[in-house]
Amino acid sequence: MFQSDCGETGNGRGSARTAHHNFTKSRPVSSLLSHMKKTEQLSPLFSPLGKARVQDAGVASEQNHAEDGRSVASKTFWDVEKMSMLFSPPGFEEKSPTLSPTDNEAQSAKGDTEPVEEEVQPVTFQSKYIQNFPLYQDYCLRALKDDLNRLSKSLVSELITPLYLQGLQFPRSSASASETPPPKARSAEAAPFSSPSTPIRVTPCALWQDLEEVKASGLLRGLTSRQIHLQECMFEVISSEASYLKSLEVAVNHFYASKALEQTLSHREHHILFSNIRRVMAASEKFFVDLEMHLGERVLMSQVGDIVLRHCPEFHALYVPYVTNMMYQEALLNQLLHQNRHFACLLKKLEHDPVCQRQSLKSFLVLPFQRVTRIKLLLENILKLTDQDSDARSSLEKAIRAVHEIVTDCDNKVRQMKQIEELVCLKALLDFDKVKSIPLVVSRRFLVHQGPMRQKMVGSTSNSKMSFTNIYLHLFNDLLIISLKKDQRFKVVDHAEFPTHVHTENLKTGFLSLPPESFLLRLSRSQTGLPTAMILVAHTKSERETWMKVLSQKH
């Protein structure tokens, strides 16, 4: 990161815009800069829980912000300046049908529209427990530690994933949570944000059996250890949601609502950076209200699966776009930190505020992904302790399937975005020259396999020394492109529809005196309109088997 005088607080919008050119070189999708079209649509916002928290942070004054009700992933297209996503995920309707980038090239660009937010009555419910729990980052570290201790010899790889841990500030000290100084001893001045010697606070979450209502009821005397464990698992859904909501409030009320930080960004950049996190927080608030009210009605909880299931449709509509946008959100954040000194300085000041508890903005932005994956694990733990004949089992199983669908759709959307970005990058490297060009970036197309190959020259015979030429194959799920690679670019010599016109055959390499890595590739119809056959030689036998496999099956 650059060095700068963080005391300077001038508007940084101009410097951010001038830095876009350099950023485009590092992001393949930026080659769509002049071709992308976006569509805008009005989306209502949910007011955060508790008027006081919102008004203190100034969020209520943001009612006419042009973009904050929509996730970037709900846009039809994106580029570095406009930064709209390439395809719309489910959950948001657009004014016009989704277009592929190639289809969209023929469309004229339209300017931004200014949607007016619908005013929503704030939730006035005041939580009894939320202030008793740590930030969600601290909860995640504690939960991860417990999971690793419980599953130290199995399934560890499923628990440790880049996104699950991304942005968390790990303690470097061996001090335990019980050795952490009390809240009064902690301050931003006494403990610098970046100090590796100061562990972050990992506060143990309260247990269900420690609640005053539970102690007063005398329930513990009549419950088995398994029944108590079940109540603890259900209560963890509530306590962890409280931590999650607490962290989201910091993200929204401290970072998103910062006028000074917003002044360093364009409207589009601000929207990309925070996506639809306000609506995510609003959904969390409503979910937490239902959970806490359920606990208040009956301290011996019957189930939580029905509550989770009831909120899953809204979770799906919000989390899929948010998680899909995270790869672009992270790219923009890194760009701003390196190229917008006003933003970087103000962000550093915000992160040093005690409310952040030494957590970075990045750690707050990845919370939705961490939460949706954690909920599924919590529900599965509850299911293990639920009796087979219990009435709660059916709704619990449905809730697990619904959350699993959200996680799966998030994965699929992220994969789709990466596939599209790969196509955009490759499109910039292909030269069709004398070969009829074809649109490469189209909906539902993705790269299956690519690599160099040798082609036996037609003039080679058994009586002469064999000669080969180097070619390059790009196999997509619906297309095969054959090209010559030179200086990191590809000159296309032929292409054919796959798998309809692409076939492979084994060869008797010994009888034909061919290398053992050889096979026959037939194009029943290519861009020339005529059948084509060629003998190809892979570099290794394993590569030959891989190519034979991918060229012989649908994808």
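The values are calculated or read from the model by the stated rules, or taken from the named source; none is laboratory data. All values reported here derive from a predicted model rather than from experimental measurement. Because the Cβ atoms are built from the backbone with ideal geometry, glycine has one as well, and the counts that use them run over all protein chains shown.
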query: Scanning the stretch 180-236 for residues that are outside any loop (DSSP other than H, G, I, E, B) and aliphatic (A, V, I, L, M), which turns out modelled with the lowest pLDDT?
result: A185
- request: Kindly indicate whether any position in the stretch 445-455 is in contact (Cβ under 8 Å) with a residue 60 or more places away in the chain, in the same structural domain as S526 (by TED's automatic domain parsing) and exposed (fewer than 13 other Cβ atoms within 10 Å of the Cβ).
  value: yes
- request: Report, by residue number, each residue of the stretch 476-501 that is surrounded by fewer than 20 Cβ atoms within 10 Å (Cβ to Cβ) and of a type in the set (S, T, Y).
  value: T500
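Of a type in the set (F, W, Y), without any contact (Cβ under 8 Å) to a residue 60 or more places away in the chain and closer than 24 Å to S518 by Cα - does that describe any residue in the stretch 466-473? Talk me through it step by step, then tell me what you get.
In the first step, residues of the stretch 466-473 are kept if they are of a type in the set (F, W, Y); the result is 468, 472.
So of that shortlist, the ones also without any contact (Cβ under 8 Å) to a residue 60 or more places away in the chain come out as 472.
Checking which are closer than 24 Å to S518 by Cα leaves us with 472.
Within the stretch 466-473, one or more residues are of a type in the set (F, W, Y), without any contact (Cβ under 8 Å) to a residue 60 or more places away in the chain and closer than 24 Å to S518 by Cα.
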message: Just the residues that are assigned to a helix (DSSP H, G or I) and among the polar types (S, T, N, Q), please, taken from the stretch 240-286.
response: S240, S243, S247, N253, Q263, S284
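Residue by residue, here is whether (1) over 23 Å from the mean Cα position of the chain (by Cα); (2) farther than 22 Å from R279 by Cβ; (3) buried (at least 23 other Cβ atoms within 10 Å of the Cβ) holds:
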{"residue": "V323", "(1), (2), (3)": "no, no, yes"}
{"residue": "M327", "(1), (2), (3)": "no, no, no"}
{"residue": "N334", "(1), (2), (3)": "no, yes, no"}
{"residue": "R341", "(1), (2), (3)": "yes, yes, no"}
{"residue": "C345", "(1), (2), (3)": "yes, yes, no"}
{"residue": "P354", "(1), (2), (3)": "yes, yes, no"}
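Within the stretch 418-434, take every residue that is out of contact with any helix residue (DSSP H, G or I) (no Cβ under 9 Å at 6 or more places or on another chain) and under 14 Å from L480 (Cα atoms) and give me the one that is surrounded by the fewest Cβ atoms within 10 Å (Cβ to Cβ). Step through it out loud before you land on a result.
Keep residues of the stretch 418-434 that are out of contact with any helix residue (DSSP H, G or I) (no Cβ under 9 Å at 6 or more places or on another chain), which gives 419, 429-434.
Right, trim to under 14 Å from L480 (Cα atoms) and you get 430, 432.
Details: L430: 19, F432: 17.
So the residue we want is F432.
Being among the small types (G, A, S), assigned by TED's automatic domain parsing to the domain that holds S266 and farther than 24 Å from H254 by Cβ narrows it down to one of S394, S284, S363, so name that one. First the steps, then the outcome.
On the way: S284 fails: farther than 24 Å from H254 by Cβ; S363 fails: farther than 24 Å from H254 by Cβ.
Result: S394 is the single residue among S394, S284, S363 that is among the small types (G, A, S), assigned by TED's automatic domain parsing to the domain that holds S266 and farther than 24 Å from H254 by Cβ.
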